[in-house]
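I'd like to ask you about the structure that follows.
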Amino acid sequence: MLPEGADGAESLCSTLMVKRVGEDLTLLVCNYGDASPESESSGMMLAVILPEISAITLREITCGLQQLRRLEANSLEYDGRVDGLMACLSSLPDLKCVRLWAGCLTEVWANRILSLIRACPHLQQAQFRAEVFDEKWKSEAGLLLEEGIHLLQEAQMPPGCTITLEGKRCRKTVDPCRRRRDWELSCNEKVKMKIPPEEEEIPSEEEESSSEEEIVSVEETAGELDRLQEAHRPQKKKKKKKCALM
């Protein structure tokens, strides 16, 4: 984390956490955006699980995120920087799990996720959460746009790989919400989706024994990412209950 009072513009990232869990390395990198409804700056956060990561790759990721700071989301410059960052992630063949936090799931973001899945044969989980954070870890849930959802749902997924989407989805069939200032409208409901949908299938004994260790490893490290993220949220002070005088 950045020390209190430090100038974030002088650092490569707002938050950087690296931790080894079992045989895997978990990396969480964040550059804050602006969680206010008036802002178009979303920043970006990502977390990855893989066996090893070189110092060069780590610097490429942190520099890539640093370049996104305060850029307007979905502008040409923002898209170009994000594409470069995703190309860096695509060069990691041993990538097991990736989590991405950005303001909105668009068709462009959906294509980035699919490109990453195709490039990383060991990727088992790709998770996208439409959410932005500011320097005080104040968060705002963003939108999962229909064109992005449909593109991912219609894609041919490799065996053993799943996509998880979290965010708000507009219930309107005509002129659905897209703009940042519309995120808080009542037509937008928080959802969590898994692609492909979970099915009750019983794997064969051979499939179960060969994949059991990898599944356990990814689930444990994915849970560790949740704990790391939660540990760096500011703790809310408990308010003392007032006693009413009778």
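The values are calculated or read from the model by the stated rules, or taken from the named source; none is laboratory data. Computed from a prediction, not measured in an experiment: that's the story for all the values here. Only protein heavy atoms, including side chains, enter the accessible area calculation; ligands, DNA and RNA are left aside. Shrake-Rupley method; radii C 1.70, N 1.55, O 1.52, S 1.80 Å.
Rolling a 1.4 Å sphere over the protein heavy atoms, what is the accessible area per residue of the stretch 42-151, to the nearest Å²?
Per residue, the stretch 42-151 has an accessible area of 38 Å².
Further question on the same structure: List the residues whose amide H sits under 5 Å from the amide H of Gly103, counting only those 5 or more places along or on another chain, with H placed 1.01 Å from N in the peptide plane.
For Gly103, the qualifying residues are Glu131.
Leaving out ligands, DNA and RNA, and with a 1.4 Å probe, what % of the accessible surface on the stretch 123-162 is carbon or sulfur?
Here carbon and sulfur together make up 47 percent of the probe-accessible area.
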